[in-house]
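The values are calculated or read from the model by the stated rules, or taken from the named source; none is laboratory data. Because the structure is a prediction, the values reported are computed rather than measured. Cβ placement follows ideal geometry from the backbone for every residue including glycine, while neighbour counts extend to all protein chains displayed. Note: areas computed on protein heavy atoms with side chains; ligands, DNA, RNA excluded. Shrake-Rupley method; radii C 1.70, N 1.55, O 1.52, S 1.80 Å.
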Amino acid sequence: MLTNPLTKNIDPQNTATDLAGYRAAGGYSGWRKALAGDPGDLVKTVQDAGLRGRGGAGFNTGLKWSFVPRGEGSPAVKYLVCNADEMEPGTFKDRLLMERDPHLLIEGMAIAAYAIEARTAYIFIRGEYHTATARLEKAIAEARKEGLLGKNILGSGYSLEIHLHRSAGNYICGEETALLNALEGKRAIPRAKPPFPQVSGLWGKPTVVNNVETFCNIPHLIDLGVDWYKSLGRGEDAGTKLFGVSGKVKNPGTWELPMGTPIREIIEVHAGGMRDGLKLKGFLPGGGSTDFLGPEHLDLPMDYDVIGKSGSRMGTGTIIVLDDKTCPVGLVLNLTQFFARESCGWCTPCRDGLPWAVKILQRIENGEGRPEDIGLLREQVRYMGPGNTFCALAPGAAEPIQSALKLFEQDFIDHIEKGCCPYL
């Protein structure tokens, strides 16, 4: 039984970067099966399989597709968009899929477009991803030449064009409506919701936006079925996932593992554990915009709901490890500087609150902190919390700050009382 659908074609020889290699490995069989079926049935299949969005939110993918109007009286023009603008700190999974198995993404997008009855799709890709861009351009051209894209695909009567759009580079484009604005040539700022993109998205037409890894789950799910897909997970969540680890571990990298794989296994087995002489102090379980968890959480399974109940988020599933010789204040300062720089400036708590948080954190790290700075940071976190901003950028940016203040408060106090960074 296939247990690694996302990476089965990925090896040191890059055997599936061209169409011939991808087909030899069974590629596009899911696309052929999809074209022979009903679009509505495909939506239900993906919903029943329990595939949750792999971009960070974890929303049921098929349920998201079901919100697109269909049938008599629905808009004739619909769009599908792939968010390939991978800019979450500590995240490096989508690039692997695009560079090493580009046709998997093309096939997944084709099936999704057919399911929502869209005839135009876009890949919104990070501008720095030069290799991924070149390989996707080649894959699209190959698929079009062989009749897998374009007009009257495989004699089905269905037509689809996929276009590649290189991003100018903004973290805010991880928010789907900001991405749509950027794709339209406008300033990348979030839109008010409702209406949601599934009803009024790109150029006012029904639009579905999903992440690269989400689409890459689709071909094998359609080809092998719901029961097979559900059997891959170890817990409540179905399928496999690309989990990554960065930081001072012996073997940093990314691996395809079952949903529900324990954090301890990811860090200690696949990442090789901490480097010699270092101990685990804490970790961000899903990229830079998630809350720190401590060593006591190592045995939690990497499932969306389980990590959510623990006080953090699984996010992108890419773990950032903090060791006992690295300053948590400096780490949080580095992340907050990034988020402050990437704010679109649309709302006050994010535009002004993040630079203020940077100023306070920098002061503490420089040994110039004051006792009241800890209270000021906590106040800033509340102002940037959910419900106070236009989108999730500032609330996400506040998560490492608020959790560091909770788990590593003594480190902040030591900086202030000693007048220097104790880790230097």
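With the condition being open to solvent by less than 70 Å² (accessible area, probe 1.4 Å), touching a Gly at 6+ places or on another chain (Cβ under 9 Å) and charged (D, E, K, R), I'd like the helices (runs of 4 or more DSSP H) fully within the stretch 330-388 carrying at least 2 qualifying residues.
353-365
Only one of 240, 207 is within 26 Å of residue 27 (Cβ to Cβ), within 21 Å of the chain's Cα centre (by Cα) and of a type in the set (Val, Ile, Thr). Can you tell me which?
None of the others qualify; the one that does is 240.
Taking the condition of a type in the set (A, V, I, L, M), more than 21 Å from residue 44 (Cβ to Cβ), modelled with pLDDT of 95 or more and in a strand (DSSP E or B), does residue 278 pass?
Against the criterion (of a type in the set (A, V, I, L, M), more than 21 Å from residue 44 (Cβ to Cβ), modelled with pLDDT of 95 or more and in a strand (DSSP E or B)), residue 278 does not qualify.
Before we move on, is residue 145 open to solvent by 10 Å² or more (accessible area, probe 1.4 Å) and either of a type outside the set (D, E, K, R) or closer than 29 Å to residue 26 by Cα (or both)?
Yes, satisfied.
I'd like the full set of residues that are open to solvent by 10 Å² or more (accessible area, probe 1.4 Å), more than 19 Å from residue 392 (Cβ to Cβ) and in contact with a strand residue (DSSP E or B) (Cβ under 8 Å, 6 or more places away or on another chain), limited to the stretch 298-309.
Listed by number, the residues that qualify are 298, 299, 300, 301.
Need a quick list: helices (runs of 4 or more DSSP H) entirely within the stretch 36-105 having at least 1 residues that are in contact with a Leu (Cβ under 9 Å, 6 or more places away or on another chain) and open to solvent by 50 Å² or more (accessible area, probe 1.4 Å).
Hits in the stretch 36-105: 39-49.
Give 247, 260, 239 a once-over and let me know the one that is in contact with a Leu (Cβ under 9 Å, 6 or more places away or on another chain), surrounded by 18 or more Cβ atoms within 10 Å (Cβ to Cβ) and more than 30 Å from residue 32 (Cβ to Cβ).
On the way: 260 fails: in contact with a Leu (Cβ under 9 Å, 6 or more places away or on another chain); 239 fails: more than 30 Å from residue 32 (Cβ to Cβ).
Of the residues listed, the single one that is in contact with a Leu (Cβ under 9 Å, 6 or more places away or on another chain), surrounded by 18 or more Cβ atoms within 10 Å (Cβ to Cβ) and more than 30 Å from residue 32 (Cβ to Cβ) is 247.
Here are 150, 185, 157, 260: which of them is of a type in the set (Gly, Ala, Ser) and in contact with a Gly (Cβ under 8 Å, 6 or more places away or on another chain)?
Numbers: 150 fails: in contact with a Gly (Cβ under 8 Å, 6 or more places away or on another chain); 185 fails: in contact with a Gly (Cβ under 8 Å, 6 or more places away or on another chain); 157 fails: in contact with a Gly (Cβ under 8 Å, 6 or more places away or on another chain).
Answer to the selection: 260.
Which one of the conditions (1) modelled with pLDDT of 95 or more; (2) surrounded by fewer than 23 Cβ atoms within 10 Å (Cβ to Cβ); (3) in contact with a Lys or Arg (Cβ under 6 Å, 6 or more places away or on another chain) does residue 127 fail to meet, given that it meets all the rest?
For residue 127, the failing item is (1).
Consider residue 394 carefully, then state whether it is touching a Phe, Trp or Tyr at 6+ places or on another chain (Cβ under 8 Å) and open to solvent by less than 20 Å² (accessible area, probe 1.4 Å). Full working, then the answer.
Values: touching a Phe, Trp or Tyr at 6+ places or on another chain (Cβ under 8 Å): yes; open to solvent by less than 20 Å² (accessible area, probe 1.4 Å): yes.
So residue 394 fits the description; yes.
When the residues of the stretch 158-210 are filtered to those that are closer than 15 Å to residue 64 by Cα and free of Cβ contacts under 8 Å to residues at least 12 places away in the same chain, which remaining residue is surrounded by the fewest Cβ atoms within 10 Å (Cβ to Cβ)?
Among those that are closer than 15 Å to residue 64 by Cα and free of Cβ contacts under 8 Å to residues at least 12 places away in the same chain, it is 194.
Does residue 66 satisfy the criteria of being modelled with pLDDT under 95 and of a type in the set (S, T, N, Q)?
No, not satisfied.
Given the structure, is residue 318 touching a residue at least 12 places away in the same chain (Cβ under 8 Å), surrounded by 20 or more Cβ atoms within 10 Å (Cβ to Cβ) and closer than 18 Å to residue 262 by Cβ?
On the way: touching a residue at least 12 places away in the same chain (Cβ under 8 Å): yes; surrounded by 20 or more Cβ atoms within 10 Å (Cβ to Cβ): yes; closer than 18 Å to residue 262 by Cβ: yes.
Yes: the conditions hold for residue 318.
Go over the candidates 354, 405, 377, 361 one by one and state the one that is free of Cβ contacts under 8 Å to residues at least 60 places away in the same chain and within 25 Å of the chain's Cα centre (by Cα).
None of the others qualify; the one that does is 354.
Is it the case, given these coordinates, that residue 280 is farther than 25 Å from residue 215 by Cα, buried (at least 20 other Cβ atoms within 10 Å of the Cβ) and in contact (Cβ under 8 Å) with a residue 40 or more places away in the chain?
yes
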